[in-house]
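Right, one structure below, let's go through it.
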Amino acid sequence: MKRIGVLAFQGGVIEHVKKIDEVGCVPVLVKKNEDLEGVDGLILPGGESTTIGKFLIETGLKEKILKLAEEGLPVWGTCAGAILLSKSIKNQGSGVLPLLDIVIERNAYGSQLDSFKKEVFVPRLNKVSECVFIRAPKIVEVFSNVEVLAQLDTPIAVLQGKILATTFHPELTSQNYWHSFFVENVVK
Ligand code: GLN
């Protein structure tokens, strides 16, 4: 059975753990370098990207994850996780794990009160995906090596090699489409 790590400092950890279990994989809570041993993929949950980034640096997980990603570890960032993966954060330098050739803008839809839900057809999944946006970032630029999987006014799901990012929260719906996609098409 595939083992999928979920970075477990802060944010939507338990929700991802449940989904990983539902799609028939073993969830592994990741808080230190050793927890990554033998994982087949890693999820960076939503939450607060500055806080999660601080933990990544303090624990040394930043270097470890970057090295493993270079060796081919599939990584999926949701919302704050997507921010961490961005090579460029508008007006704020780069993400702590800058693996994705995109420019992202934090809190681009407004405050917590401007959170919203939207149904979006995703050709690659051949499904209508329920997308929950909570103080979500916007992907404002995508370089040519990045595949856009879903789009509203701007891209909301992108894939570059084995690095997946969604600006919304698939773990907060009753659907398992994105978790299945990550496990079957990115981790494989
Ligand atoms: N606004 C948060 C940030 O900038 C992300 C919100 C989320 O993950 N739901 O880190």
Options Leu42, Leu66, Leu29, Leu36: the member that is buried (at least 23 other Cβ atoms within 10 Å of the Cβ), modelled with pLDDT of 95 or more and out of contact with any His (no Cβ under 8 Å at 6 or more places or on another chain): Leu42
If you check every pair at least six apart or on different chains, which have Cβ atoms under 8 Å apart with a residue in segment 46-58 that is farther than 10 Å from Ile83 by Cα first and a residue that is away from the ligand (no atom under 13 Å from the Cβ) and in a helix (DSSP H, G or I) second? Phe55/Leu61; Leu56/Lys62; Leu56/Ile65
Identify all residues within segment 73-95 that are touching a His at 6+ places or on another chain (Cβ under 7 Å) and β-branched (Val, Ile, Thr); write none if there are none. Thr78
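To keep it simple, each residue is scored yes or no on (1) loosely packed, with under 15 Cβ neighbours inside 10 Å; (2) more than 16 Å from the ligand (Cβ to nearest atom); (3) charged (D, E, K, R); (4) in a strand (DSSP E or B).
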position: Lys117; (1), (2), (3), (4): yes, no, yes, yes
position: Phe121; (1), (2), (3), (4): yes, yes, no, yes
position: Glu130; (1), (2), (3), (4): no, no, yes, yes
position: Ala136; (1), (2), (3), (4): no, no, no, no
position: Asn145; (1), (2), (3), (4): yes, yes, no, no
position: Val148; (1), (2), (3), (4): no, yes, no, yes
Considering only residues that are touching a residue at least 60 places away in the same chain (Cβ under 8 Å) and within 16 Å of the ligand (Cβ to nearest atom), look in segment 31-45 and name the one that is nearest to Val13 (Cα to Cα). Pro45
Condition (residue is surrounded by fewer than 20 Cβ atoms within 10 Å (Cβ to Cβ), closer than 30 Å to Phe116 by Cβ, out of contact with any Pro (no Cβ under 7 Å at 6 or more places or on another chain) and aliphatic (A, V, I, L, M)) applied to segment 14-21: is it met by at least one residue? yes
Filtered residues of segment 144-181 (kept if without any contact (Cβ under 8 Å) to a residue 60 or more places away in the chain and acidic (Asp, Glu)): Glu147, Asp153
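The values are calculated or read from the model by the stated rules, or taken from the named source; none is laboratory data. On a predicted model such as this, the values are computed, not experimentally measured, just so you know. Neighbour counts are summed over all protein chains in view; Cβ atoms, including those assigned to glycine, are modelled from backbone coordinates with ideal geometry.
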